[in-house]
Structures are given as structure tokens and as C-alpha cells.
1. With labels modelled as points extended 7 Å from the Cα through the Cβ direction, what inter-label distance (nm, one decimal) is found for Val76 paired with Val120?
2. Taking 8 Å as the Cα distance limit and 6 or more residues as the minimum spacing, I'd like the relative contact order of the range 1-102 as a percentage.
3. Heavy atoms only, probe 1.4 angstrom, no DNA, RNA or ligands counted: give me Leu75, Leu61 ranked by accessible area, highest first.
4. Report ³J(HN,Hα) in whole Hz for each residue of the range 34-44, in order, from the Karplus equation J = 6.51 cos²θ - 1.76 cosθ + 1.60 where θ = phi - 60°; Gly and Pro get x.
5. Would you mind computing, in nm to one decimal, how far apart the modelled labels at Phe52 and Thr4 are, each placed 7 Å from Cα along Cα→Cβ?
6. Once you sort the root eigenvalues of the Cα gyration tensor of the range 69-113 as a ≥ b ≥ c, which label holds: rounded (a/c under 1.5), prolate (a/b larger than b/c) or oblate (the other case)?
7. With +1 on the Cβ of every Lys and Arg and -1 on the Cβ of every Asp and Glu, and nothing else charged, how large is the dipole of the chain about its Cα centre, in debye rounded to the nearest 20?
8. Taking only the Cα atoms of the chain, how large is their convex hull per residue, in Å³?
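The values are calculated or read from the model by the stated rules, or taken from the named source; none is laboratory data. Everything numeric in this text was worked out from a predicted model, so none of it was measured. Cβ placement follows ideal geometry from the backbone for every residue including glycine, while neighbour counts extend to all protein chains displayed. SASA here: full protein model, heavy atoms, side chains in, ligands and nucleic acids out. Shrake-Rupley method; radii C 1.70, N 1.55, O 1.52, S 1.80 Å.
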Amino acid sequence: MNDTLVTLVGHVATQIDYKETVNGPSARFRFAVTPRYFDRRKDAWTDGSTSFYTVWARRTLAVNLAGSVAVGEPLVVHGRLRVREDPPDGDGNRWISAEIDATAVGHDLNRGTAAFRRVVKAEPPLMATQKAAVV
């Protein structure tokens, strides 16, 4: 499959929208990426135009994302880029949106520190084990 994989460095722009769906957990948020460059004429660093992406996470990544990330935090996001063009609305406006299906998300350690906590999958509840043994 010919996917376009991208890695973006930026900041969380909206709260994480976490939902339990029939296909498993899902989370999404808006991600702001602002390029920075050195302007020789001004002899100073300058911010470029900010681009916004909708980042989607599924399954375990969605659960961990919802419990670990807040608005304004610097992140590194890696995943598949999808560009969508919506049909014109009643006024003839066309909308183009860029979305990332995330495969990995982490805090940008150039801008701060983080503490990693491994998630341990729980064993089946004791009652379910006992019922299975009785049957």
C-alpha cells in the first residue's frame, strides 16, 4: 500500500475528544504546527503560518492519549496523511482538510520532561475464571 507517512511537531490545539465505539476506543484532536525560520533581513527568528490537522487515534493509542495529553502541550505525531476535499457548500465554498491517522504520539522532550508509565493489561476478573472452572 502506498501511504504517505508524516511526522509533525507542534502543539495540541483542542481537548481530546475520546469515545467508545463499536469498533473500539477512538480519540481525536486538532494539532497546530507552526514553522519557524531565521529571517536574515530582520536578523531574528520568525513564525510562519500555522497549519491545523485533525489527528485520529484508535484502540490502545486512543486510551493512552486521552489519559496523557492536554491542550497546549508540545507533541510529536507520526502517522498516515489523508487529505479530503469536501463538495462545495451552498455558497460555493470548497473545504480541504488534512487528517492524520496516528500510529505514534509522544511529548516533545525538547520542550520539557515526561514520565513514562507502562500500561499493564489486566487478567480476566477472578469471578470469570472461577465460573469457567465450575462449568
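1. Reported label-point gap for Val76 and Val120 is 2.8 nm.
2. Here the relative contact order equals 32 percent.
3. Ranked from most to least accessible, the order is Leu61, Leu75.
4. Ordered by residue, 3J(HN,Hα) equals 10, x, 10, 9, 8, 8, 5, 5, 8, 6, 7 Hz.
5. Each label point lies 7 Å from its Cα, and together they span 2.0 nm.
6. prolate
7. Taking the Cα centre of the chain as origin, the dipole is about 460 debye.
8. Looking at the chain, the number lands at 208 Å³ per residue.
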